[in-house]
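The values are calculated or read from the model by the stated rules, or taken from the named source; none is laboratory data. Keep in mind that what you see is a predicted model, and the values were worked out from it rather than measured. Every residue, glycine among them, receives a Cβ derived from its backbone with ideal geometry; neighbour counts consider all protein chains shown.
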Amino acid sequence: MIKILLVDDHAVVRMGLKMLLNTNPMIEVIGDASEGNEGIKKALKLKPDVVVMDLSMPHGKDGLTATTELKKQMPAINILILTMHNDEEYLFRAIQAGASGCILKSAPHDELMSAIESVAAGDAYLHPAATKRLMEEYLTGMKNDSSDTYNLLSEREKEVLTLIAKGYSNKEIAEQLVISVKTVETHKGNLMEKLQMKTRPELVEYAVKKGLLGYGF
């Protein structure tokens, strides 16, 4: 029996998921929470096998923050992020936070069941579109290894790249490095030019693959 804790700020969503998941004889929803803080407390008390965590919860603690804190307190917990964002930046931030998997809210019911079973078994799960995207990026990275421009970056640019990948805003980076926001924007522009990238998500993916966050693909 896979014990599930649901964390979502919409009561209707929680009720619907509970009814759906309880149709599976191998799954039992043992609790639910409306925001991250409550989710952490109930996880510590109920010790579920899998926490299905909504990514965006505007009231209280959001899913990424709750995931990070919960993994610190329960390193072995399996967390499946549930999100409406089909965006690689959110995907990488979920992985960075310690999630075992990520699935779209629009996914078919049987895919959600499979994702929960995979995560409960200790495996990682990414929705098909994300898996394809990661494979494409990985293969592209392999082709470009011989011409890697990382060593062309200055030490400050590398610091800015790492902080961008960790989700800090330009203002937060400026405060942490004790430089102006304009200087941060200049470093960011130089990064994109040297790495031949155009968007922030591309920088996040690059940083993850380079192992700047402690892991890579």
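Take the conditions of a type in the set (S, T, N, Q) and at pLDDT below 60 and apply them to Ser114. Does it pass?
no
Show the residue pairs that are 6+ apart or on different chains and have beta-carbon atoms under 9 Å apart, the first residue being within the stretch 6-18 and at positive phi, the second being among the hydroxyl-bearing types (Ser, Thr, Tyr) and not in a loop (DSSP other than H, G, I, E, B).
none
Residues checked against (1) of a type in the set (D, E, K, R); (2) surrounded by 19 or more Cβ atoms within 10 Å (Cβ to Cβ); (3) outside the structural domain of Gly167 (by TED's automatic domain parsing):
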| site | (1), (2), (3) |
| --- | --- |
| Val51 | no, yes, yes |
| Ser56 | no, no, yes |
| Gly60 | no, no, yes |
| Gly63 | no, yes, yes |
| Ala76 | no, no, yes |
| Ile81 | no, yes, yes |
| Asp110 | yes, no, yes |
| Glu117 | yes, no, yes |
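Can you find even one residue in the stretch 164-185 that is touching a residue at least 60 places away in the same chain (Cβ under 8 Å) and either surrounded by fewer than 13 Cβ atoms within 10 Å (Cβ to Cβ) or part of a helix (DSSP H, G or I) (or both)?
Among the residues of the stretch 164-185, at least one is touching a residue at least 60 places away in the same chain (Cβ under 8 Å) and either surrounded by fewer than 13 Cβ atoms within 10 Å (Cβ to Cβ) or part of a helix (DSSP H, G or I) (or both), which makes the answer yes.
Report yes if some residue within the stretch 54-63 is under 22 Å from Lys166 (Cα atoms), touching a helix residue (DSSP H, G or I) at 6+ places or on another chain (Cβ under 8 Å), assigned to a strand (DSSP E or B) and acidic (Asp, Glu); otherwise report no.
Yes: the stretch 54-63 contains one or more residues that are under 22 Å from Lys166 (Cα atoms), touching a helix residue (DSSP H, G or I) at 6+ places or on another chain (Cβ under 8 Å), assigned to a strand (DSSP E or B) and acidic (Asp, Glu).
Looking at the stretch 11-26, can you tell me whether even one residue there is among the β-branched types (Val, Ile, Thr), under 17 Å from Ala115 (Cβ atoms) and over 13 Å from the mean Cα position of the chain (by Cα)?
yes
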